[in-house]
Amino acid sequence: MKFLELPDLEAINSSLNFDADDCRVRGKCEIYTTKSTVADKKLYKTLETRYQEDMMALSTSKSPEFVNSWTQPSPFGNLDQSSTRRTFMFILATLNASHPDHDFSSLQPNDFYKERFLSHVIESINTTLSNLGRRFSANGMWEVIDRHIVLSDCDIYSYTPDSDSDPYGDGALIWSQSYFFFNRNMKRILYISLHGFRMPIDGHGPGDEEAFSTPGLVESDSEDGYNDEWIANMDD
Amino acid sequence: MSGELSSLPKAAKLIYEHCLAALPNCVTQDDLSKALGRKVNVTDMSNSLNLLLGKRLLDPLHQGKSLVYRAVQLDEAKWVSTMEGDEQIVYNFIKGSGNEGIWTKTLKMKTNLHMTVVNRCLKSLESKNLVKSIKSVKHPTRKIYMLYDLAPSSEITGGPWFTDQELDIEFINNLKKVVYKYIHSKSYPSKKNHKGSDLLWSVDYNGYPSAIQIHDWLRSTNITEVDLSLANVMSLVDVLVYDGKVEKRPDGTTFRAVRQVEGTIDGYTESPCGKCPLNDVCAVDGPVSPMTCEYFDKWLM
């Protein structure tokens, strides 16, 4: 997944990191294209292998109770379709790209939830922000985002992990909201998340490094076609 | 390999061999002087130490305020000396994390190296089969690295209760059933063909099992190949206690299965008072009292 360096989005990203009255907020607003890196290809291969093995086990299993997570309908659609599995892979790859110290390949499709209404999701994020006393106009933010990824054309998935799997889950985390907006036509994914932490006592907080590190500067795999040239594409 | 050892000056060889023999413990300056003071003079000692440190045959470590030395195996030293500086730093931190492993985020913080540098080093070390990545049950998404040859600690793997990062619920339930049956069999006399509530032992019965007895018995049944420690068995018994199936006896060491009774017991319905037509007039000094109650006599007999 290739991270898009967009200055106006970067501005939104930094504005989502602030101290509210009773908690510290760390947010992310990042857009990635679905261009595969070497790591993504490895991830896809891992998932496909897991799928094939489970399918084999399912077909040879004589037990009527054998429940296979791949055969259940998932939030991404029917998992026996490769396009569905590909979408799931994109979401995991986005998480991996955004949190380079983590590996989300063990997640299951059912860890996510398909949101049906864009308005609900926007409302939910706006409410969270306004509850935190954030005075910047939430509407302005959505307009800017919409210029880079047409929101109305997106499939939306939400992710609420338990604190073990949460990338910021280190005891100080109070609440979190994470959403993925996948625009298939534009081949882009918007990852927007908000995490609230209790105020640190010594002035040094959790997630500090994550908040200010630039994603996408992961592996400079020269075998891959594009390497460390980060072109600031305004509209790719 | 031994060629390299023999190329060391005599003093250095003596020091190195002394430290090697002390593994996995470290050796202080004092130890060295005491052990080798007669064979190696002070200047030779410090020159040799510097030589060994330079060849990476000794690791300097801090124990409290003092500096100590730990020998490094010859082949490991050879690997480390072929690494570039950054890789050496990364390798040493991973080595220092022992069988807990170290998270890449912590590695970056401690080494102060950039993400791309650390990743490059990790890739190189992995390709040389010196380190491997592992998964922790406490933090399933973290990328954790440790030395290739070490086995992850049970904190990381979850011990016997986890298989492939997942809690093996069936295994635990089966073990619980078996342990419960054993405790129950020791807590109440066998009913033979009676049905109904459990019979009771008399007050001076002392056959209730302790944790150690349960552990020994479980091992003797060979019900599983997995080696369960006393602590593991204690955890199982604790779960049974929290489930309300087993209770810890007042002596603090033995356990007793909770008595299974026929139907439900409710004091109000069990005692005759619930059905007694004279309940309203029954009092200690009244016309009828618990002391003189006929129904009680019948009930208690």
Calc'd 3J(HN,Hα), the range B:174-186, phi into Karplus 6.51 cos²θ - 1.76 cosθ + 1.60 (θ = phi - 60°), Hz, glycine/Pro = x, comes to 4, 4, 4, 4, 5, 5, 4, 4, 5, 4, 4, 5, 8
What FRET efficiency do you get for B:Leu23 and B:Ser271 if R0 is 56 Å and r is their Cβ-Cβ distance, rounded to the nearest 0.05?
0.20
Using θ = phi - 60° and Karplus 6.51 cos²θ - 1.76 cosθ + 1.60, couplings along the range A:14-19 (whole Hz; Gly, Pro as x):
5, 6, 8, 10, 7, 9
Can you give me the C-alpha center-to-center distance between the range A:9-36 and the range B:224-301, rounded to a whole angstrom?
59 Å
All-pairs alpha carbon distance profile, the range B:162-260, 10 Å steps from 0, percent:
14, 47, 30, 8, 1
Label model pair A:Asp170, B:Lys65: point-to-point distance (7 angstrom along the Cα→beta-carbon line) in nm is 3.2 nm
log10 of Debye I(q)/I(0), alpha-carbon scatterers only, for the protein assembly as shown at 0.07, 0.10, 0.12 Å⁻¹:
-0.67, -1.03, -1.20
Which loop-located trypsin sites (Lys or Arg not before Pro) does the range B:55-88 contain, where loop means any DSSP state but H, G, I, E or B and the Cβ has at most 14 other Cβ atoms within 10 Å?
B:Lys65
Please state, rounded to one decimal and in Å, the Kirkwood hydrodynamic radius that the range B:43-134 gives when every pair of distinct Cα atoms enters the mean of 1/r.
14.3 Å
Just to be sure I understand: of the beta bridges DSSP finds with both ends in chain B, what percent are antiparallel, rounded to 5?
95 percent
Restricting the range B:58-162 to GluC sites (Glu not before Pro) in coil, as DSSP defines it, with at most 12 other Cβ within 10 Å
B:Glu84
Along the principal axes of its C-alpha atoms, what lengths does chain B span, in descending order and rounded to whole Å?
107, 49, 41
Go ahead and run the numbers for FRET between B:Lys138 and B:Lys192, Cβ-Cβ distance against an R0 of 35 Å, rounding to 0.05.
0.10
From fewest to most C-beta neighbours within 10 Å, the residues A:Asp162, A:Asp202 line up as A:Asp202, A:Asp162
The protein assembly as shown: calculated mean residue ellipticity at 222 nm from DSSP helix runs of at least 4, using -39500 (n - 2.57)
-12500 deg cm²/dmol
Per residue, the convex hull enclosing the alpha carbons of the range B:83-157 has a volume in Å³ of 77 Å³
What FRET efficiency comes out for B:Asn174 versus A:Ser83 if R0 is 41 angstrom and r is the Cβ-Cβ distance? Round to the nearest 0.05.
0.50
Per DSSP, loop trypsin sites (Lys or Arg not before Pro) in the range A:1-63 with at most 10 further Cβ within 10 Å
A:Lys62
With the label point 7 Å along the Cα-to-beta-carbon line of B:Glu155 and a cut-off under 20 Å to each amide N, the hits in the range B:106-137 are B:106-111, B:132-137
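Laboratory data are not the source of any read-out in this text; all were calculated from the coordinates shown. Just so you know, these numbers come straight off a predicted model, no measurement behind them. Glycine also receives a Cβ, built like all others from the backbone with ideal geometry; neighbour counts cover every protein chain displayed.
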